[in-house]
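The values are calculated or read from the model by the stated rules, or taken from the named source; none is laboratory data. Being a predicted model, the structure only gives us computed values, none of them experimental. Neighbour counts run over all protein chains shown; Cβ positions are idealised from the backbone, glycine included.
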Amino acid sequence: MLFNDKETSDFIISLEINESKENQEYYVHTKVLSSRSDYFRALLDSKMIESNNGSLILKDISAKTLEIILEFLYIGEITLELESIEDWIDLIYGASRFLIHTLVQRCEKALKELVNEENVDDIEAIARECGAEQLIRYFDMLLDVDDEVTTSSDEDKNKLNAEKKNAKKITNIGVTSLRNIFRRKNKKSKKLLNLV
């Protein structure tokens with residue numbers, strides 16, 4: 001099956017472009033969409049689609065992001081160039097929205113490589129918002145590494161563990177800890193960051 005093949009498709013995704021009346025149309029196949037996306041599987045199994053004559057109108061997603069998502073559903077790869085961290089952020093939001101778990105994982109891997117002191121707050125928040133479990137575990141693991149590096153006594157470790165369990169403020173602690181890790185110049189932190 002070919003992506004965007006008008007002759008063989010059985011479903012149309014229309015993307016609203018800005019506020020104009022014109023839509024960008026993508027001719028797709030329901031079997032491909034439903035086999036690779038829980039969102040499309042649920043949508044296509046429901047009766048909502050029948051009332052829309054085999055089409056879906058999307059908003060709040062860029063044409064580039066939608067094309068990458070559809071291509072990924074068809075071939076399982078990303079062939080278009082993602083030029084910036086913003087492209088990866090848009091893609092993880094889209095992959096999360098359409099419940100494409102393998103694409104979320106691909107985005108997590110890319111974003112993990114792009115984390116730095118300036119964007120750590122944003123990427124951690126995005127990971128939690130999108131339910132990006134691997135990326136969340138990455139941030140939590142960095143938090144644990146920083147705790148081991150900075151905690152000097154058993155009493156301090158016990159206090160920190162009790163605070164984590166009782167207060168559940170891992171997100172705030174995690175951001176501070178990540179900043180500290182990125183600022184440290186010692187070998188231990190560098191080695192641990194390179195291993196992750």
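Residues of the stretch 79-111 that are touching a Phe, Trp or Tyr at 6+ places or on another chain (Cβ under 9 Å) and either more than 24 Å from Arg36 (Cα to Cα) or among the acidic types (Asp, Glu) (or both): Glu108 alone. Where helices (runs of 4 or more DSSP H) fall entirely within the stretch 38-146, those with at least 2 residues that are in the same structural domain as Gln24 (by TED's automatic domain parsing) are at 38-45, 48-51, 63-75, 85-97, 101-114.
A single member of Ile13, Ile61 is in contact with a Phe, Trp or Tyr (Cβ under 6 Å, 6 or more places away or on another chain), modelled with pLDDT of 90 or more and surrounded by 13 or more Cβ atoms within 10 Å (Cβ to Cβ), and it is Ile13.
Of everything in the stretch 68-88 that is under 16 Å from the mean Cα position of the chain (by Cα), farther than 14 Å from Val104 by Cα and buried (at least 16 other Cβ atoms within 10 Å of the Cβ), the residue that is modelled with the lowest pLDDT is Leu82.
Only a single criterion out of (1) more than 22 Å from Lys6 (Cα to Cα); (2) surrounded by fewer than 13 Cβ atoms within 10 Å (Cβ to Cβ); (3) in contact with an Asp or Glu (Cβ under 8 Å, 6 or more places away or on another chain); (4) not acidic (Asp, Glu) is not satisfied by Ser46, namely (3).
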